[in-house]
Amino acid sequence: MSIAAAFFYLFAGVCVASAFMVIAARNPVHSVLFLILAFVNAAGLLLLLGAEFLAMILVVVYVGAVAVLFLFVVMMLDVDFAELKQGVLQFLPVGALVGIVFLVELLLVVGAWTFGPGVPRSIEAAIPPLETMTNTEALGLVLYTRYIYFFQAAGLVLLIAMIGAIVLTLQHRRGVKRQDVARQNARTPETAIEIRKVQPGQGI
């Protein structure tokens with residue numbers, strides 16, 4: 001067995017084991033740590049495939065931002081998971097139905113999946129200008145020329161999703177103190193200071 005094959009089995013085995021531990025661990029913090037381990041090993045698999053740019057993006061974006069954000073959110077919220085698990089059995093039939101439908105669809109896709117006759121040749125054939133470039137240069141050239149409209153559409157979808165999330169979370173609730181800059185700038189000594197005369201022997 002070659003060194004590349006040994007590293008492949010190492011990365012793949014650890015990735016599958018850590019992915020299983022993400023859903024098997026009882027502590028949510030441990031689940032996030034196993035998720036980070038799965039991302040790192042997936043990046044190792046991408047390096048073996050020669051996609052160093054995708055591997056670095058996976059580490060920087062998912063491990064360095066998303067997974068660490070999940071970890072901090074889980075640790076700071078201090079969620080009572082025992083309380084969340086109450087009443088789970090009433091949703092069990094719906095969850096089982098969704099799981100069965102998903103399993104049937106997955107089996108249909110895997111059972112009927114075949115390679116098209118021209119797909120392997122199209123994958124192996126490189127685009128002529130990209131034959132002498134690195135993976136990062138080739139990806140940037142293709143992404144910003146041939147697929148520029150799809151790239152911009154994906155950016156618009158993400159922008160709309162971000163705006164929607166902000167709108168849904170920034171709802172004004174009654175009884176919550178908020179800063180009003182215009183009201184603060186319009187304050188005068190007459191409105192900001194209240195003078196009370198305290199009588200002897202009495203409180204305010």
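The values are calculated or read from the model by the stated rules, or taken from the named source; none is laboratory data. Every value quoted in this text rests on a predicted model; they were computed, and no experiment measured them. Every residue, glycine among them, receives a Cβ derived from its backbone with ideal geometry; neighbour counts consider all protein chains shown. The accessibility values were calculated without ligands, DNA or RNA, using every heavy atom of the protein model including side chains. Shrake-Rupley method; radii C 1.70, N 1.55, O 1.52, S 1.80 Å.
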For segment 99-136, which residues satisfy the criterion of being closer than 21 Å to LEU49 by Cβ, open to solvent by 100 Å² or more (accessible area, probe 1.4 Å) and either outside any helix (DSSP H, G or I) or at pLDDT 80 or above (or both)? TRP113, PHE115, GLU131, THR132
Can you run down the residue pairs with Cβ atoms below 8 Å, 6 or more apart or on separate chains, where the first is in segment 143-168 and free of Cβ contacts under 8 Å to residues at least 24 places away in the same chain and the partner is outside any helix (DSSP H, G or I)? PHE151/TYR144
Just to be sure before I move on: is ALA38 farther than 30 Å from GLU137 by Cα, among the small types (Gly, Ala, Ser) and either part of a helix (DSSP H, G or I) or at pLDDT 85 or above (or both) in the structure I sent? no
Hits in segment 44-59 (condition: over 16 Å from the mean Cα position of the chain (by Cα) and either within 27 Å of MET76 (Cβ to Cβ) or not in a helix (DSSP H, G or I) (or both)): LEU49, GLY50, ALA51
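Looking only at helices (runs of 4 or more DSSP H) that fall completely inside segment 141-196, which ones have 1 or more residues that are out of contact with any Lys or Arg (no Cβ under 9 Å at 6 or more places or on another chain) and either surrounded by 10 or more Cβ atoms within 10 Å (Cβ to Cβ) or modelled with pLDDT under 80 (or both)? It would help to see each step written out before you state the result.
Details: elements: 148-169, 181-185, 189-192.
Qualifying helices (runs of 4 or more DSSP H): 148-169, 189-192.
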